[in-house]
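The values are calculated or read from the model by the stated rules, or taken from the named source; none is laboratory data. Here the structure is a predicted model, which is why all the values come from computation and not from measurement. Methodologically, a virtual Cβ is constructed for each residue, glycine included, from the backbone with ideal geometry; neighbour enumeration extends over all protein chains shown.
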Amino acid sequence: MKWRARSLAVFLVAVFSVVSEVARADVVTNLSVLQAVTRDPPEAGFVADASVKYPMIINLAFGKSGTTSLTETLKKMGFNPVHWYIGFELTDALTQFGRMDLLENPFPNGRNNSQGYAHGRIVDVVLNTIKNGESLEVLSALDSSTENKFRAFTEIPMWEWPECKYPQITHLDELVRLNPNAKYILTVREIHSHVHSMIEWRHKPRDMGGDMARCANLSLENDQIMQLELEKWVTDTNNQLKKRMSAFRPPVPLLELEVSEDPISKLMWHVFPDGRVPPQVEYEMKRRNDRFPRTNVNQKAHV
């Protein structure tokens, strides 16, 4: 009987030890879950500092990859971005300060064209600064009134057959050399959706998918074939771009950003690595709950 009693006691001690370990593990697990839930959001790591200057952001991507949502966000943050057409403000500044040489092919009917855009495209400004051996910083240096303006270029390439201009491919080395302090990004999107959106963008005088296919010497036999060929071409081109950026010595950091999925803070850590940001940037991250707006204005502008 004594032997049985001792065996039962040993068994109960072992069971109690196992139960205690499980309970302790549950406490640790629950604590981890609680910490994950109560942890500060990513944007909480930033510190607003009015002395921080806006770095330059250059997006090397094609249109329809989230560039409108990106532009809208950066505009609210105070970057004063330029998106495809340069807009009235930059047009007026270039005119006022004698730098119309940076523009090309102004529309013949004056300040506006038939679509209501200010004349001039950012791709021509980029190519002309490269030709002159100038940085895009020249736009912010026009005058004290432009010091903190034109700090982001969210969509550069232009496809209007027979004009095919994409300096982020044809002039990448010069662009990076002349803008060594810029923060480079590449907005991306699920490739089938991205190319389909390009092909669907058919608004005179633009036919984005068709013009892009012509510029890349791809098939125009029908939309299905054009879709497949453009998917491959865009994928290959973006991969080559990433390899070229990493081949610089030292490598040039390039942030791949999926606007529909990634938080704004992912971009801001790339732009402000020390966590200090202009107050307007911090305010907008919090106001937008660290998310880019879901902008799909296919009938009005290219996303």
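Those strands (runs of 3 or more DSSP E) of segment 158-250 in which at least 1 residues are under 25 Å from residue 133 (Cβ atoms) and basic (Lys, Arg), considering only elements entirely within it, cover 163-165, 183-187.
For segment 220-247, the candidate set comprises residues that are closer than 30 Å to residue 278 by Cα and not charged (D, E, K, R); within that set, the residue that is nearest to the chain's Cα centre (by Cα) is 245. Under the condition of being among the hydroxyl-bearing types (Ser, Thr, Tyr) and surrounded by fewer than 20 Cβ atoms within 10 Å (Cβ to Cβ), the residues counted in segment 176-198 number 2. Checking each residue in segment 140-157 for being over 17 Å from the mean Cα position of the chain (by Cα) and assigned to a loop (DSSP other than H, G, I, E, B) picks out 140, 141, 142, 143, 147, 148, 149. Within segment 199-228, if we keep just the residues that are within 27 Å of residue 175 (Cβ to Cβ) and in contact with a helix residue (DSSP H, G or I) (Cβ under 7 Å, 6 or more places away or on another chain), the residue that is surrounded by the most Cβ atoms within 10 Å (Cβ to Cβ) turns out to be 212.
Restricting attention to segment 158-175, the residues that are within 22 Å of residue 66 (Cβ to Cβ) and either buried (at least 19 other Cβ atoms within 10 Å of the Cβ) or modelled with pLDDT of 95 or more (or both) add up to 8. Could you tell me whether segment 253-262 includes any residue that is in the same structural domain as residue 181 (by TED's automatic domain parsing), among the polar types (S, T, N, Q), over 19 Å from residue 169 (Cβ atoms) and surrounded by 17 or more Cβ atoms within 10 Å (Cβ to Cβ)? Within segment 253-262 (the criterion being in the same structural domain as residue 181 (by TED's automatic domain parsing), among the polar types (S, T, N, Q), over 19 Å from residue 169 (Cβ atoms) and surrounded by 17 or more Cβ atoms within 10 Å (Cβ to Cβ)), the answer is yes, since at least one residue qualifies.
Entry remark, segment 43-60: residues being part of a loop (DSSP other than H, G, I, E, B) and of a type outside the set (Asp, Glu) number 9 in total. Of the set (1) in a helix (DSSP H, G or I); (2) exposed (fewer than 14 other Cβ atoms within 10 Å of the Cβ), all apply to residue 269 but (2).
When residues in segment 61-80 are screened for being crowded, with 24+ Cβ neighbours inside 10 Å and in a loop (DSSP other than H, G, I, E, B), 7 of them pass.
The residues of segment 81-95 that are part of a loop (DSSP other than H, G, I, E, B) and modelled with pLDDT under 95, listed by number, are 84, 86.
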